[in-house]
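Engineer: Below is one structure. I have some questions about it.
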């Protein structure tokens with residue numbers, strides 16, 4: 001949902017409820033997206049790249065999909 005700045009000021013409470021219910025709200029200024037309205041979440045932690053290093057293993061055949069599985073998805077069983 002995209003609303004202009006004036007409408008956002010007038011309906012902030014209703015927009016906040018929509019955001020808490022999962023809707024995306026973008027506030028525009030002169031028709032251009034200006035702000036994203038987001039719900040506050042306690043305890044958000046900054047991502048730390050590499051924190052699972054050495055803990056994840058990818059199988060050697062990861063990129064190989066068996067023909068019978070592809071056929072099943074494509075309806076050629």
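Engineer: Please give the FRET efficiency for residue 73 paired with residue 47, using the beta carbon to beta carbon distance and R0 = 30 Å, rounded to the nearest 0.05.
Structural biologist: Details: r = 33 Å, r/R0 = 1.11.
The pair residue 73/residue 47 has a calculated efficiency of 0.35.
Engineer: Related question: Please report 69, 15, 35 as a ranked list, fewest other C-beta atoms within 10 angstrom at the top and most at the bottom.
Structural biologist: On the way: 69 9, 15 19, 35 12.
Least to most surrounded, the residues fall as 69, 35, 15.
Engineer: While we're on this one: At a 10 Å Cβ-Cβ cut-off, how would you order 19, 45, fewest neighbours first? Show your work: numbers first, answer last.
Structural biologist: Working: 19 17, 45 5.
With the sparsest Cβ surroundings first, the list reads 45, 19.
Engineer: Would you calculate, for the chain, the mean residue ellipticity at 222 nm contributed by helices, counting each DSSP H stretch of 4 or more residues as -39,500 (n - 2.57) and dividing by all residues, to the nearest 500?
Structural biologist: Numbers: 3 runs with 22 residues, N = 77.
Mean residue ellipticity at 222 nm (helix-derived): -7500 deg cm²/dmol.
Engineer: Considering only DSSP beta bridges whose two residues both sit in the chain, what percent are antiparallel, to the nearest 5?
Structural biologist: Numbers: 5 of 8 bridges.
Percentage antiparallel, nearest 5: 60.
Engineer: Counting alpha carbon pairs within less than 8 Å and at least 6 residues apart, what relative contact order, in whole percent, applies to the chain?
Structural biologist: Working: 53 pairs, mean separation 16.5, N = 77.
Reported relative contact order: 21 percent.
Engineer: Which of 30, 59, 14 ends up with the largest GNM mean-square fluctuation for the chain, with Cα atoms connected below 10 Å?
Structural biologist: 59
Engineer: As a footprinting exposure proxy, order 24, 32 by other Cβ within 10 Å, with the fewest listed first.
Structural biologist: Final ranking by Cβ density, sparse to dense: 32, 24.
Where a number appears in this text, it was derived from the coordinates with a stated rule and is not lab data. These numbers were taken from a predicted model, which means no experiment stands behind them. Methodologically, a virtual Cβ is constructed for each residue, glycine included, from the backbone with ideal geometry; neighbour enumeration extends over all protein chains shown.
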